[in-house]
1. Condition first: in contact with a helix residue (DSSP H, G or I) (Cβ under 9 Å, 6 or more places away or on another chain) and surrounded by 11 or more Cβ atoms within 10 Å (Cβ to Cβ). Now tell me which residues in the stretch 271-300 satisfy that.
2. Return the only residue of 306, 231 being surrounded by 15 or more Cβ atoms within 10 Å (Cβ to Cβ), modelled with pLDDT of 90 or more and assigned to a strand (DSSP E or B).
3. For residues that are in a strand (DSSP E or B), in contact with a helix residue (DSSP H, G or I) (Cβ under 6 Å, 6 or more places away or on another chain) and surrounded by fewer than 16 Cβ atoms within 10 Å (Cβ to Cβ), tally how many sit in the stretch 196-228.
4. Which of (1) at pLDDT below 90; (2) closer than 29 Å to residue 91 by Cα does residue 267 not meet, given it meets every other one?
5. Picking from 174, 156, 189, which residue would you name as being exposed (fewer than 15 other Cβ atoms within 10 Å of the Cβ) and in the same structural domain as residue 135 (by TED's automatic domain parsing)?
6. Looking at 161, 204, which is the one that is assigned by TED's automatic domain parsing to the domain that holds residue 277 and in contact (Cβ under 8 Å) with a residue 24 or more places away in the chain?
7. When residues of the stretch 234-254 are filtered for being part of a strand (DSSP E or B), at pLDDT below 95 and over 19 Å from the mean Cα position of the chain (by Cα), how many remain?
């Protein structure tokens, strides 16, 4: 009986000592976490000062996502014998020149994706990869500084697709106004004098017009996390249906060296593109559709996959 009692006491003593040791270790970890946060804060502050120095700043990061699959006699689904796959990638690159009296900011965003679904029981179907996502955006902003945060600026921005219908439609914004840079990584462009050139073979729907251009871009890297958010908005002075906006976002988290996880998503509203699709490209086209008769659809996309930092 005494042996059993001693064993029980020893067991509970071990548990008590272990719990006490765990609490002591947790107490030691807490101030170290505070120290790491303080060190990271100082590093971020130094990086911000470095980013603000004159000269060129060049960088890029992107996301690659993809999968392939094959099914044979998988009768639980509608197409039991098929081979499918998808692949996509995004690239966000910039080249920014910062000088005492002026700046020149250049950026490009590319998002491309392909999908395939080969029905092996249907010899007439399309068994190749088809384009699914197709985004290309190139911008160049020049500013003459009035102060550290305000500048008189000129912007050229071009948007189109690359895989099909290149420059059909294509959008070219050219304008002048002011740029506000409240912090190093945030740029807000307000150009009340802007012309939106629209290039398209469908000249009865797409129309160029004068209007106001607003662009906001935030690009930042904090430790292993890189992200970019860009809003491009054109407000037509002639007709609200000629206005458009696009908001794209990219996030990348580095897990090992230059490899990590990336996520991209985008939103767009463009009534001219919506009407053109319904009139010319929909499965059941409606040639009588007008801006007033269509639903103003929100366009979206997202990509999740491996990321690669350049």
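The values are calculated or read from the model by the stated rules, or taken from the named source; none is laboratory data. Quantities reported herein were computed from a predicted structural model and do not represent experimental measurements. Here the Cβ positions follow ideal geometry from the backbone for every residue, glycine too, while neighbour counts run over all protein chains shown.
1. 271, 272, 275, 285, 286, 289, 290, 291, 294, 296, 297, 299
2. Details: 306 fails: modelled with pLDDT of 90 or more.
The unique qualifying residue is 231.
3. Pass one, the stretch 196-228, residues in a strand (DSSP E or B): 196-199, 209-222, 225-228.
Imposing the further condition that a residue be in contact with a helix residue (DSSP H, G or I) (Cβ under 6 Å, 6 or more places away or on another chain) reduces the set to 209.
Filter once more, so that each one left must be surrounded by fewer than 16 Cβ atoms within 10 Å (Cβ to Cβ): none.
So the answer is 0.
4. (1)
5. Working: 174 fails: exposed (fewer than 15 other Cβ atoms within 10 Å of the Cβ); 189 fails: exposed (fewer than 15 other Cβ atoms within 10 Å of the Cβ).
Among 174, 156, 189, only 156 is exposed (fewer than 15 other Cβ atoms within 10 Å of the Cβ) and in the same structural domain as residue 135 (by TED's automatic domain parsing).
6. Details: 204 fails: in contact (Cβ under 8 Å) with a residue 24 or more places away in the chain.
Testing whether each residue is assigned by TED's automatic domain parsing to the domain that holds residue 277 and in contact (Cβ under 8 Å) with a residue 24 or more places away in the chain leaves just 161.
7. 0
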